[in-house]
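Chemist: Please see the structure below; I have some questions.
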Amino acid sequence: MKFRFTGTGDSAQVPCFGCDCAACARARVIACARRGPCSAEVEVDGHLYLLDAGRMDLADRCQRHRPHAMLLTHYHPDHVQGLFHLRWGCGESIPVYGPKDPQGCADLYRHPGVLDFQVPLKPFKPQSPCR
C-alpha cells in the first residue's frame, strides 16, 4: 500500500493571496513549498483511491491512473473542486462515497457525468469484515 498527501493546505492555501508572511513568501519562490487544496491518494494492489478531490489538476492526474473510487470528507469547494472537470470525462463510472449533504456543491449531483455518487457512508460502521 502507498499513501501520499497531494494537498495539505486549507481553503486559503499557501501562498495565500495578499499575505507576506515567511511561509507565503517562500512558497511564491519555491514551488515545492506550496500547499494546495486537501487531497490524498491511496494505492492498494494497483488500484488508486482518492481521499477528497481538491486538486484542480485532478482530471490530468486521473488520466494517467483512473481512480477505482473516491471518498469525500465533506463538500466544501476546496475538497471537491477537482471533480467539476473530471465529471465530464468518458468511460466507466467512478464510485464517489461521502457524507449526506444535500446542499453541498449540488451541481455535482445534478450533472454527475462519470461520477457515481453512492448512498452516504454511515459514520464508524465497517463496510466489509476485517481480515
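Just so it is clear, none of the values below were taken in a lab; they were calculated from the coordinates. Since this is a predicted model, take the numbers as computed values, not measurements. Every residue, glycine as well, gets a Cβ built from its backbone with ideal geometry; the counts of neighbours run over all protein chains shown.
Chemist: Return 5, 17, 84 ranked ascending by Cβ neighbour count within 10 Å, so the fewest neighbours appear first. Intermediate values should be presented prior to the final figure.
Modeler: Working: 5 12, 17 7, 84 18.
Result, fewest neighbours first: 17, 5, 84.
Chemist: Rg and Dmax in Å for the chain, alpha carbons only: what are they?
Modeler: 15.9, 50
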